[in-house]
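**Student:** This is the structure I have questions about; it appears just below.
The values are calculated or read from the model by the stated rules, or taken from the named source; none is laboratory data. Note that the structure is a prediction, hence the values are computed from the model and not measured. Because the Cβ atoms are built from the backbone with ideal geometry, glycine has one as well, and the counts that use them run over all protein chains shown.
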Amino acid sequence: MVYMTEELKFQLAEKYQKFLETEFVVFDLETSGLDPQKDEILEIAGIRLRGPVEIARFETLIQPTRAIPPEVEKINGLNEIFLLVNGRKSKEAMSDFLSFAGEAIMVGHNIKDFDWLFVLAHATRHQLIKPTNNLIDTLLLSRKLLSLPKYNLTEVARHFGFENRNAHRAMPDVEVNAQVFIKLMEKMMKVE
């Protein structure tokens, strides 16, 4: 058992109080491929949190400008016809998402190496102001705080007792990731 000094307990309590007052946007994207420079965002979802409390949601489908590869459709179930009928123009959707995000700290699983790169590429592509939000990557955080055989979102969620039933759709992934994020923050601040 690790012994905590009163000073350390006080510092962690202060950090947890700051966490409770901070706004985060847990988000996820579904894309037409892996290259932010040439592939498209097909779906964006986000949940705005103040500490562990949900205060708003954002979810939109985006119309593709070219065919979606069959292997991508198999992963997320999104096809051109569905997206053309139900989606929005990419520039409009990205602009609305960036407004929703504001200056919140952006949170996601593997966002530093994937999702955030797509956000930056699409902001540039559509001549929108490039966001400069701080990021928390729950993949990197879970690798630091947990000892698991795999660190994909489904496995990390399972570790905390959550099930990722509809993986590879943006909002279900965000809902699970938000729960994982809260658990990781509590673990980091020793308030579990």
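**Student:** What are the pairs with Cβ atoms under 6 angstrom where one residue, in the range 1-20, is under 21 Å from residue 54 (Cα atoms) and assigned to a helix (DSSP H, G or I) and the other, located anywhere, is at pLDDT below 80 and of a type outside the set (Asp, Glu)? Sequence gap at least six, or different chains.
**Tutor:** The qualifying pairs are 16/191.
**Student:** Okay, moving on. Could you tell me whether any residue of the range 57-74 is of a type outside the set (Asp, Glu), within 27 Å of residue 182 (Cα to Cα) and assigned to a loop (DSSP other than H, G, I, E, B)?
**Tutor:** No - not one qualifying residue is present in the range 57-74.
**Student:** Still on this structure, please answer the following. Tell me, please, whether a residue that is β-branched (Val, Ile, Thr) and under 19 Å from residue 72 (Cβ atoms) can be found in the range 137-159.
**Tutor:** yes
**Student:** Can you confirm whether residue 50 is under 21 Å from residue 108 (Cβ atoms), surrounded by fewer than 20 Cβ atoms within 10 Å (Cβ to Cβ), among the basic types (Lys, Arg) and in contact with a Gly (Cβ under 9 Å, 6 or more places away or on another chain)?
**Tutor:** Taking the combined requirement at face value, the residue does not satisfy it.
**Student:** Would you confirm whether or not the range 137-146 contains a residue that is surrounded by fewer than 18 Cβ atoms within 10 Å (Cβ to Cβ) and among the polar types (S, T, N, Q)?
**Tutor:** No, the conditions are met nowhere in the range 137-146.
**Student:** Moving on to the next point. Counting just the residues of the range 60-84 that are touching a strand residue (DSSP E or B) at 6+ places or on another chain (Cβ under 9 Å), within 20 Å of residue 174 (Cα to Cα) and without any contact (Cβ under 8 Å) to a residue 40 or more places away in the chain, which one comes out surrounded by the most Cβ atoms within 10 Å (Cβ to Cβ)?
**Tutor:** 62
**Student:** Now a separate question. Just one of the numbered conditions (1) modelled with pLDDT under 95; (2) out of contact with any His (no Cβ under 6 Å at 6 or more places or on another chain); (3) of a type in the set (A, V, I, L, M); (4) closer than 24 Å to residue 151 by Cα is not true of residue 26; which one?
**Tutor:** (1)
**Student:** Let me ask something else. Within the range 86-177, which helices (runs of 4 or more DSSP H) (wholly inside it) include 2 or more residues that are farther than 19 Å from residue 35 by Cα?
**Tutor:** Where helices (runs of 4 or more DSSP H) fall fully within the range 86-177 and carry at least 2 residues being farther than 19 Å from residue 35 by Cα, they are 90-101, 138-145, 153-159.
**Student:** What number of residues within the range 87-97 satisfy the criterion of being more than 14 Å from residue 56 (Cβ to Cβ), surrounded by 13 or more Cβ atoms within 10 Å (Cβ to Cβ) and in contact (Cβ under 8 Å) with a residue 24 or more places away in the chain? If you could, list the steps in order and put the result at the bottom.
**Tutor:** From the range 87-97, those more than 14 Å from residue 56 (Cβ to Cβ) are 87-95; that's our starting set.
Then keep just the ones that are surrounded by 13 or more Cβ atoms within 10 Å (Cβ to Cβ); that gives 87-88, 90-95.
Add one more test, that the residue is in contact (Cβ under 8 Å) with a residue 24 or more places away in the chain, and what stays is 87-88, 90-91, 93-95.
So the count comes out to 7.
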